[in-house]
1. When you scan the range 57-74, do you find a residue that is modelled with pLDDT under 85, surrounded by 15 or more Cβ atoms within 10 Å (Cβ to Cβ) and assigned to a loop (DSSP other than H, G, I, E, B), even just one?
2. Conditions: (1) in contact (Cβ under 8 Å) with a residue 60 or more places away in the chain; (2) in a helix (DSSP H, G or I). E4 meets all but one. Number of the miss?
3. Can you work out which of the residues in the range 75-92 that are more than 17 Å from E11 (Cβ to Cβ) and not hydrophobic (A, V, I, L, M, F, W, C) is surrounded by the most Cβ atoms within 10 Å (Cβ to Cβ)?
4. Counting just the residues of the range 55-85 that are under 15 Å from the mean Cα position of the chain (by Cα) and touching a residue at least 60 places away in the same chain (Cβ under 8 Å), which one comes out nearest to E4 (Cα to Cα)?
5. Filtering the range 18-56 down to residues that are part of a loop (DSSP other than H, G, I, E, B) and small (G, A, S), which residue is farthest from I148 (Cα to Cα)?
6. When you check V88 against the structure, is it under 29 Å from M1 (Cβ atoms), assigned by TED's automatic domain parsing to the domain that holds G134 and outside any helix (DSSP H, G or I), yes or no?
7. I'm told E129 meets every condition in (1) in contact with a strand residue (DSSP E or B) (Cβ under 6 Å, 6 or more places away or on another chain); (2) modelled with pLDDT of 95 or more except one. Can you identify the failing condition by its number?
8. Condition test on V105, is it outside the structural domain of E139 (by TED's automatic domain parsing) and either buried (at least 19 other Cβ atoms within 10 Å of the Cβ) or not in a loop (DSSP other than H, G, I, E, B) (or both)?
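The values are calculated or read from the model by the stated rules, or taken from the named source; none is laboratory data. If you're wondering where the values come from, they're calculated on a predicted model, not measured in any experiment. Cβ atoms come from the backbone with ideal geometry, glycine included; neighbour counts cover every protein chain shown.
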Amino acid sequence: MTYEEFLKQAEKIGINKRCIIERGETVCDDARLQYENGHWYICQSIWDGANRIDTLGYRYAWVIHEYEEAKNIKYIKPYPKNYYNLEVGDILIETDSKKIKVLGVCGLVYHMSDRDNFAIYDNTYTAEELIARGLVISEEEDPETITIAGHTYSKRQVERRLEGLEEVK
């Protein structure tokens with residue numbers, strides 16, 4: 001894989017999102033992408049690498065350099081979503097087409113937004129309860145986001161919170 005191909009796929013998957021990577025003859029099915037200090041890292045517990053950055057709870061962070069490392073990667077793809085591995089920001093669709101968003105994950109429960117209003121908390125559900133309600137995992141993400149210091153936020157929510165804030169001149 002070329003460095004440009006890696007960058008394209010990394011941007012598609014997103015920072016701190018779970019992914020599957022094949023490097024050489026080894027498949028790592030539990031990794032996350034990290035972008036820090038101008039470099040992309042694959043955080044995982046198989047390949048030794050840089051530990052001077054936030055490894056997102058994994059043992060290693062393997063840095064991807066433009067000149068060499070990306071060519072060792074055969075593929076990188078998003079981890080398949082299911083009701084047991086939802087992450088903050090994931091959107092589910094109810095039977096009446098209303099959408100709810102995962103606002104938080106605590107152990108085996110999901111803190112969900114109000115219907116079609118992602119800024120308001122509604123209720124907490126287990127994976128089994130989401131399945132029983134007939135919710136479908138959406139492939140879409142919150143359409144407009146802003147990334148600040150490696151964290152991604154809804155652009156609409158950031159704009160609301162900035163209202164009335166004095167501009168620094």
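1. As a first pass, look at the range 57-74 and keep what is modelled with pLDDT under 85: 62-74.
If we keep only those that are surrounded by 15 or more Cβ atoms within 10 Å (Cβ to Cβ) as well, we get 62-64, 69-70, 73.
Filter again for assigned to a loop (DSSP other than H, G, I, E, B), leaving none.
The answer is no, given that none of the residues of the range 57-74 is modelled with pLDDT under 85, surrounded by 15 or more Cβ atoms within 10 Å (Cβ to Cβ) and assigned to a loop (DSSP other than H, G, I, E, B).
2. The number of the failed condition is (1).
3. D90
4. I76
5. The residue in question is G24.
6. On the way: under 29 Å from M1 (Cβ atoms): yes; assigned by TED's automatic domain parsing to the domain that holds G134: yes; outside any helix (DSSP H, G or I): yes.
Answer is yes for this residue.
7. (1)
8. Numbers: outside the structural domain of E139 (by TED's automatic domain parsing): no; either buried (at least 19 other Cβ atoms within 10 Å of the Cβ) or not in a loop (DSSP other than H, G, I, E, B) (or both): yes.
For V105, the condition - outside the structural domain of E139 (by TED's automatic domain parsing) and either buried (at least 19 other Cβ atoms within 10 Å of the Cβ) or not in a loop (DSSP other than H, G, I, E, B) (or both) - is not met.
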